[in-house]
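Working notes, structure below.
The values are calculated or read from the model by the stated rules, or taken from the named source; none is laboratory data. Keep in mind it's a predicted model, so treat the numbers as computed, not measured. No Cβ is skipped: glycine too gets one built from the backbone with ideal geometry, and neighbour counts run over all protein chains shown. Just the protein is used for accessible areas: all its heavy atoms, side chains included, with ligands, DNA and RNA removed. Shrake-Rupley method; radii C 1.70, N 1.55, O 1.52, S 1.80 Å.
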Amino acid sequence: MSPPVRATIGDRAAAPSVLPHPTAGGLTWRPWTRADVPALAVLMRAVQEADGRDWFTSADEIAESFDAPVFDADADTLVGLDADGAPLAYAWVERFPTDGVDLLRATLVGGVHPDRRGQGIGTQLLAWATGRARQALAASDGDPRLAGLPARIAVDLMDTDPPERRDLLRAGGFEPVRYYANLLRDLAAPVPAVGLEPPLRLVPWTDALEDATRLARNDAFRDHWGSQPRTPESWRAHRSSFAPDWSFVVVDESVRYPGSEHEQPGDLTVPPGTPYVVGLHRAGRYEDDWATQGYTAGYTELLGVRRAYRGRRIAVALLTHAMRVYADDGMQHAELDVDTDNPTGAPALYARLGYTKSDGSTLYAIEL
């Protein structure tokens, strides 16, 4: 028996023809502009401080969103201004490239200044953002490759966020679907030395290896929940906090592009003769957060190993090497975020290396 035919995303998204524009709080609404970046950073910090966070969205991170591969400020953003023109609420419907994906996604980001909460602004802003996400996903209906794919509208919620935020999301049709833990490791404790057997070799992250590293990331995360392949453009986006001196890859020196049995679709974008990247550690440096966090840290943003190379201690070699580099650079802690249901057993690995949970988050979603 043939599987049932999935309704097209145009039908499943149930996109509103007209967005429900916020009216609460007496604010004036318009899309973001680049000139708003400094004021948006101040607003986001006020929101995040009120939510009990000790890390904040920087102006650089906001600015680089304007250069993301899929970004339409006029359609996908709102900022609410008071009579004096000061921003007091914001929303962004973040969309993603659709090349090679098996899931369509939109992530909602938003907040209301603590002085203006309790006026219904957040409820109306969530309704606007959800409606805009439905519109954006429904637009994929015109591409026959995408029309039948599942889709997700998601919101990340930190464990420290006010409980009424959860009530707001549930009232808006969102349900918790995934849980994540933020982990810390004190670098004053000894770090084990973990070597690799030839032909594997740990080498610095370089521009010449960028695309080979991207392909290794796509293979490594292919069996991770919700993960989608990175295009060359999305791979290089959102790099304002990238720390190349803390980032490394592992190559298999017996393999070069092209023509190996390890080659995957899309590998022809890699220049001939490039070493075959089989593992990666990409780090971020978030100096603006160190004072409020009360410690300095090297942050592991990505740690992955090609599936055919798992079980060869590549991940632990990369991570322990990074920890020693962090410590040599004066960092007090190593930090990372992990899916608590990671299919590779990563949480257990991190626990053995001395990482402990500092806080966590939940992904709320509407599945379409």
Nearest 0.05, what FRET efficiency do VAL18 and ALA63 give at R0 = 30 Å with Cβ-Cβ as r?
0.45
Rounded to the nearest whole Å³, what is the per residue volume of the convex hull around the Cα atoms of segment 32-134?
116
So, with +1 on the Cβ of K and R and -1 on the Cβ of D and E, and no other charges, what is the size of the charge dipole of segment 137-248 about its Cα centre, to the nearest 20 debye?
120
Rounded to whole Hz and in sequence order, give me ³J(HN,Hα) for segment 53-63 from the Karplus expression 6.51 cos²θ - 1.76 cosθ + 1.60, θ = phi - 60°, writing x for Gly and Pro.
8, 10, 10, 9, 7, 7, 4, 5, 5, 5, 4
Tell me, what ³J(HN,Hα) does each residue in segment 287-303 have, in order and in whole Hz, if you take phi through Karplus 6.51 cos²θ - 1.76 cosθ + 1.60 with θ = phi - 60° and put x for Gly and Pro?
4, 5, 9, 5, 5, 6, 6, x, 7, 9, 7, x, 10, 7, 7, 9, 9
Relative contact order of the chain, defined on C-alpha pairs under 8 angstrom at six or more residues apart (%)
22
With an 8 Å cut-off on Cα pairs and a minimum separation of 6 or more residues, tell me the relative contact order of segment 1-149 in percent.
35
Other-chain or far-sequence residues with amide H under 5 Å of VAL278's (modelled H)
VAL250, VAL251, ASP252
Take every DSSP beta bridge whose two residues both sit in the chain, then give the antiparallel share in percent to the nearest 5.
90
With label points built 7 Å along Cα→Cβ from the Cα atoms of GLU253 and LEU349, find their separation and express it in nm.
2.3
Treat the chain as a sphere of radius equal to its Kirkwood radius over Cα pairs and apply Stokes-Einstein at 20 °C in a medium of 1.002 mPa s; give the translational diffusion coefficient in µm²/s, rounded to a whole number.
96
Apply the a/c threshold of 1.5 to the C-alpha gyration tensor of segment 261-346 and tell me whether it is rounded, prolate or oblate.
prolate
Taking θ as phi - 60°, what are the ³J(HN,Hα) couplings along segment 144-160 by the Karplus curve (6.51, -1.76, 1.60), each to the nearest whole Hz, with x for Gly and Pro?
x, 6, 10, 4, x, 6, x, 9, 9, 10, 10, 9, 8, 10, 6, 4, 7
With all protein chains present, segment 105-178 has a carbon and sulfur share of its accessible area (1.4 Å probe) in percent of 52
Can you give the charge dipole size of the chain about its Cα centre, rounded to the nearest 20 debye, using +1 on the beta carbon of Lys and Arg and -1 on the beta carbon of Asp and Glu?
840
In terms of the charge dipole of segment 76-129, which places +1 on Lys and Arg and -1 on Asp and Glu at the beta carbon, the residue among TYR90, LEU108, ILE121 farthest towards the positive end is ILE121
Quick check: Cα centre of segment 173-189 to Cα centre of segment 8-41, how many Å?
29
Segment 19-69, Cα convex hull volume normalised per residue, Å³
123
With a/c under 1.5 counting as rounded, go ahead and sort segment 39-98 into rounded, prolate or oblate using the C-alpha gyration tensor (a ≥ b ≥ c being the square roots of the eigenvalues; past the cut-off, prolate if a/b is larger than b/c, else oblate).
oblate
Give, in nm to one decimal, the length gained when the segment between ASP102 and ASP341 is fully stretched (0.36 nm per residue of separation minus the Cα-Cα distance).
84.0 nm
Under 37 °C and 0.692 mPa s, how fast does segment 184-289 diffuse according to Stokes-Einstein, given a Kirkwood radius computed over C-alpha pairs? Answer in µm²/s, whole number.
214
With R₀ set to 56 angstrom, the calculated FRET efficiency between the beta-carbons of GLU287 and ASP11, to the nearest 0.05, is 0.75
Efficiency by 1/(1 + (r/R0)^6): what FRET value for VAL42 and GLU164, r their Cβ-Cβ distance, R0 = 25 Å, to the nearest 0.05?
0.60
Highest-MSF residue in the chain out of TRP32, TRP205, TRP225 [GNM, Cα springs under 10 Å]
TRP225
